[in-house]
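Here the structure is laid out as structure tokens; the discussion comes afterwards.
The values are calculated or read from the model by the stated rules, or taken from the named source; none is laboratory data. The structure displayed is predicted, hence computed values, not measured ones. Cβ: placed from backbone, ideal geometry, glycine included. Neighbour counts: every protein chain shown. Surface areas here come from the heavy atoms of the whole protein model, side chains and all, with no ligands, DNA or RNA. Shrake-Rupley method; radii C 1.70, N 1.55, O 1.52, S 1.80 Å.
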Amino acid sequence: MELKTGIKNKRGMTVDKGLTADTWGSGGLPVYATPAMIALMEQTACLSVEPCMEEGYSTVGTRLDVAHLSASPVGAHITCESELVEIDGRRLVFRVSASDDAGLIGEGTHERFIINIEKFMARTEAKLK
């Protein structure tokens with residue numbers, strides 16, 4: 001698979017108690033947590049380009065600009081979509097959105113960088129020395 005703009009992905013899940021704001025500590029209500037929505041957006045974007053990565057390379061998330069527009073209750077089905085809209089060297093920019101059965105609940109942009117896994121982990125682990 002060739003890395004090019006226009007790559008899309010879609011993932012779905014159902015909100016359960018483990019994905020609520022009161023469980024994640026991001027609020028006190030039993031509704032879909034913003035950090036859970038963001039994690040689904042990152043995962044959807046990441047998985048869309050993973051088949052394009054050469055051996056020893058992956059992507060890491062570096063920036064999110066996301067609005068959580070509407071609450072979703074436990075039991076709601078969430079659908080997340082991503083589209084790669086910009087490639088600037090190693091920087092990848094995605095348009096992301098999430099919806100429940102009633103409509104749009106979140107949208108924004110997500111940035112990822114292509115990294116060499118071995119070099120990235122060496123620099124990361126060097127922080128402990």
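Quick notes
- Long-range neighbours under 9 Å by Cβ, at least six apart or interchain, first residue touching a residue at least 60 places away in the same chain (Cβ under 8 Å) and of a type in the set (A, V, I, L, M, F, W, C) within the range 102-113, second crowded, with 17+ Cβ neighbours inside 10 Å and assigned to a strand (DSSP E or B): Ile105/Tyr32; Ile105/His68; Ile105/Ile78; Ile105/Ser97; Ile105/Ala98; Ile105/Ser99
- Filter pass, Phe113 being surrounded by 18 or more Cβ atoms within 10 Å (Cβ to Cβ), closer than 30 Å to His68 by Cα and among the aromatic types (Phe, Trp, Tyr): no
- Of all residues in the range 65-83, those satisfying the criterion of being surrounded by 14 or more Cβ atoms within 10 Å (Cβ to Cβ) and closer than 10 Å to Thr109 by Cα are Val66, Ser82, Glu83.
- Assessment of the range 42-51 against the conditions (assigned to a helix (DSSP H, G or I), without any contact (Cβ under 8 Å) to a residue 24 or more places away in the chain and closer than 22 Å to Gly6 by Cα) yields at least one matching residue.
- Of all residues in the range 116-129 being open to solvent by 60 Å² or more (accessible area, probe 1.4 Å) and in contact with a strand residue (DSSP E or B) (Cβ under 8 Å, 6 or more places away or on another chain), the one that is nearest to Leu3 (Cα to Cα): Ile117
- Residue under evaluation Ser99, criteria (1) touching a strand residue (DSSP E or B) at 6+ places or on another chain (Cβ under 7 Å); (2) of a type in the set (Gly, Ala, Ser); (3) open to solvent by 80 Å² or more (accessible area, probe 1.4 Å), criterion not met: (3)
- Restricting the range 19-37 to residues that are in contact with a Leu (Cβ under 7 Å, 6 or more places away or on another chain) and open to solvent by less than 50 Å² (accessible area, probe 1.4 Å), the residue that is farthest from Val74 (Cα to Cα): Ala36
- Here Leu29 does not qualify as outside any strand (DSSP E or B) and within 12 Å of the chain's Cα centre (by Cα).
- In the range 1-18, residue most open to solvent (accessible area, probe 1.4 Å) [restricted to those that are at pLDDT 95 or above, among the aliphatic types (A, V, I, L, M) and under 20 Å from Val93 (Cβ atoms)]: Leu3
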